[in-house]
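J.: Please find one structure pasted underneath; my questions will follow.
The values are calculated or read from the model by the stated rules, or taken from the named source; none is laboratory data. Model, not experiment: these values are computed from the prediction. FYI the Cβ positions are ideal-geometry reconstructions off the backbone, even for glycines, and counts take in every protein chain you see. Please note that ligands, DNA and RNA were not included when accessible areas were found on the heavy atoms of the full protein model with its side chains. Shrake-Rupley method; radii C 1.70, N 1.55, O 1.52, S 1.80 Å.
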Amino acid sequence: QVQLVESRGGLVQAGGSLRLSCAASGQTFGTYVRVWFRQAPGKERELVAAITRGDTTNYADSVKGRFTISRDNAKNTVYLQMNSLKPEDTAVYYCAARFLAISGAANEYPYWGQGTQVTVSS
């Protein structure tokens, strides 16, 4: 059974940092694209960051220069380091995975974590 388990998010003040992790089990994801989406209340789920099996990274314009995605294939884990957090980063963050290329469409990812709440106070 494939599972993606995210670390706990939390409440952080604006300007602060938070690191999320997403550990996979049941399958090796070393050749998969690993991504982070987020969904704020009343908004669609948006792709925040992605990393390919070749470690090429891709970021939403809103987080470029502040967020860093990385992966440790030996641990089957992907990370999202979030710095200089802003109140508009408040959302439920989801990790996901798919084979082949990065896609911005959430429905093209077959594997999902349960989501973790990140709240940034002003």
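J.: Using the per-residue mean of other Cβ atoms lying within 10 Å as a proxy for protection, in what order, highest first, do the peptides 97-108, 63-74 fall?
T.: 63-74, 97-108
J.: Moving on. Beta carbons within 10 angstrom, averaged per residue: use that to sort the peptides 46-53, 6-13, 32-39, highest first.
T.: Values: 46-53: 20.2, 6-13: 14.9, 32-39: 23.8.
Listed from highest to lowest mean packing, they are 32-39, 46-53, 6-13.
J.: Using only the alpha carbons of the range 60-106, determine the length spanned along each of the three principal axes and report them from longest to shortest in whole angstroms.
T.: 32, 25, 19
J.: A further question on this structure: Keeping all protein chains in place, calculate the accessible area per residue for the chain (probe 1.4 angstrom), answer in Å². Intermediate values should be presented prior to the final figure.
T.: Details: 6320 Å² over 122 residues.
Per-residue accessible area for the chain comes out at 52 Å².
J.: Would you compute, for the Cα atoms of the chain, the largest minus smallest coordinate along each principal axis and list the three values in descending order, in whole Å?
T.: Here the Cα extents, ordered largest to smallest, are 39, 25, 23 Å.
J.: Straight-line reach from residue 43: which lysines fall under 29 Å, measuring Cα to Cα and dropping same-chain residues less than 8 apart?
T.: 64, 86
J.: Take the solvent-accessible surface of the protein heavy atoms, probe 1.4 Å, and return the percent of it on the chain that carbon and sulfur atoms account for.
T.: 47 percent
J.: Name the long-range amide H neighbours of residue 98: under 5 Å, sequence gap of 5 or more, or other chain; modelled H, no Pro or chain starts.
T.: Residues meeting the criterion, in which the H sits 1.01 Å from N, are 33.
J.: Any idea how far the Cα center of the range 46-76 sits from the one of the range 1-22, in Å?
T.: 14 Å
J.: Work from the charge dipole of the chain (Cβ charges, +1 for Lys and Arg, -1 for Asp and Glu, about the Cα centre) and give the residue of 39, 113, 70 farthest towards its positive end.
T.: Farthest towards the positive end: 70.
J.: From the gyration tensor of the Cα coordinates in the range 34-76, what semi-axes in whole Å does the equivalent ellipsoid have, largest first, with each one equal to sqrt(5λ)?
T.: The equivalent ellipsoid of the range 34-76 has semi-axes of 21, 12, 8 Å.
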